[in-house]
Structures are given as C-alpha cells and as structure tokens.
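So the structure is just underneath, and the comments pick up after that.
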Amino acid sequence: QVQLVESGGGLVQPGGSLRLSCAASGFTFSRYRMGWYRQAPGKERELVTSISAGGITRYADSVKGRFTISRDNAKNTVYLQMNSLKPEDTAVYYCNAFLTGADYWGQGTQVTVSS
C-alpha cells in the first residue's frame with residue numbers, strides 16, 4: 001500500500017522558516033522523482049520544487065534561493081526547507097512521487113504565513 005505522509009506544516013510569521021517532511025512507503029522510493037506542490041485558495045495546484053532519483057533539483061522562480069528540497073533514500077523521506085517565508089507562500093503543500101506509469105500524492109499539509 002502506497003503512502004505519502006506529510007508533516008511539519010503550521011503557522012509562521014513572515015520571514016520565518018518551516019521544514020516539511022514527507023515519509024514514503026509502499027514503493028521503491030529511490031527510483032522516483034519526488035516533488036512538492038502547493039495549492040492556495042482559489043488557485044491551481046503548482047509545482048514548487050522537485051528532486052530526481054539522481055538528485056537533480058528544480059525550483060519554481062518564486063521560491064528560488066529561499067526553499068531547498070532534499071531526500072534521504074535510507075529513510076524514504078523527502079524534505080522541504082522553507083526560509084524567508086512570505087504571505088504568498090500560504091497554501092496546502094502536497095508531496096508527490098512520480099515514475100513513468102505511477103503518480104502518487106500525499107494528503108497535504110497546511111502552511112500559513114501571517115503576522
């Protein structure tokens with residue numbers, strides 16, 4: 001049974017930091033491209049960042065220099081370090097695992113940036 005379980009969301013003030021985690025099970029984690037997406041109220045889900053099986057990372061322009069994705073294949077976990085958070089980063093953040101023919105999603109974790 002495939003599971004992606006996100007954690008680490010919450011309320012943070014502008015300029016603050018959060019670290020999201022996504023624990024994976026039920027598939028061969030190391031083979032999958034892992035990504036973080038987000039969806040703000042009234043907006044479409046968008047790709048924030050991804051990391052390939054080989055460790056190549058990509059970032060949306062809006063988060064470059066502020067967010068860092070990493071993975072620990074020994075722990076089947078992907079992380080998202082978010083620094084210098086802005087109110088516009090407020091959204092539900094979803095973990096994604098992708099391999100041709102397979103596409104898995106977590107339930108999401110809420111991140112709210114507000115003073």
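The values are calculated or read from the model by the stated rules, or taken from the named source; none is laboratory data. What you are looking at is a predicted structure, and each value in this text was computed from that prediction instead of being measured. Backbone-built Cβ (ideal geometry, glycine too); neighbour counts: all protein chains shown. For accessibility, only protein heavy atoms count, side chains too; no ligands or nucleic acids. Shrake-Rupley method; radii C 1.70, N 1.55, O 1.52, S 1.80 Å.
Some observations on this one:
- Meets criteria (open to solvent by 10 Å² or more (accessible area, probe 1.4 Å) and over 20 Å from Glu44 (Cβ atoms)) for Thr90: no
- Checking each residue in region 1-40 for being over 20 Å from Ser115 (Cβ atoms) and of a type in the set (Val, Ile, Thr) picks out Val2, Val5, Thr28.
- Only listed residue being in contact with an Asp or Glu (Cβ under 9 Å, 6 or more places away or on another chain) and within 17 Å of Gln110 (Cα to Cα), chosen from Arg45, Arg38: Arg38
- Residues in region 67-79 that are out of contact with any Cys (no Cβ under 8 Å at 6 or more places or on another chain) and closer than 18 Å to Val5 by Cβ: Ile69, Ser70, Arg71, Asp72, Asn73, Ala74, Lys75, Asn76.
- Across region 18-43, the number of residues qualifying as under 15 Å from Lys75 (Cα atoms) and touching a residue at least 40 places away in the same chain (Cβ under 8 Å) comes to 12.
- Members of region 1-46 that are in contact with a strand residue (DSSP E or B) (Cβ under 7 Å, 6 or more places away or on another chain), among the small types (Gly, Ala, Ser) and on the phi < 0 side of the Ramachandran plot: Ser7, Gly9, Ser17, Ser21, Ala23, Ala24, Ser25, Gly35, Ala40
- Within region 95-114, residues that are at positive phi sit with their Cβ atoms under 8 Å from residues that are open to solvent by less than 70 Å² (accessible area, probe 1.4 Å), at 6+ positions apart or across chains, in these pairs: Gly108/Glu6; Gly108/Gln39; Gly108/Val92; Gly108/Tyr93; Gly108/Tyr94.
- Given (1) outside any loop (DSSP other than H, G, I, E, B); (2) aliphatic (A, V, I, L, M); (3) more than 12 Å from the chain's Cα centre (by Cα), number of the condition Leu4 does not satisfy: (3)
- Each residue in region 56-102 was checked for being within 21 Å of Ser30 (Cα to Cα), part of a strand (DSSP E or B) and modelled with pLDDT of 95 or more, and 19 pass.
- Test result for Thr109, in contact with an Asp or Glu (Cβ under 7 Å, 6 or more places away or on another chain), closer than 18 Å to Ser17 by Cβ and open to solvent by less than 50 Å² (accessible area, probe 1.4 Å): yes
- Scanning region 44-65 for residues that are closer than 20 Å to Gly9 by Cβ, open to solvent by 30 Å² or more (accessible area, probe 1.4 Å) and touching a residue at least 12 places away in the same chain (Cβ under 8 Å) returns Arg45, Glu46, Leu47, Ser62.
- Residues in region 12-55 that are polar (S, T, N, Q) and assigned to a loop (DSSP other than H, G, I, E, B): Gln13, Ser17, Thr28, Ser52.
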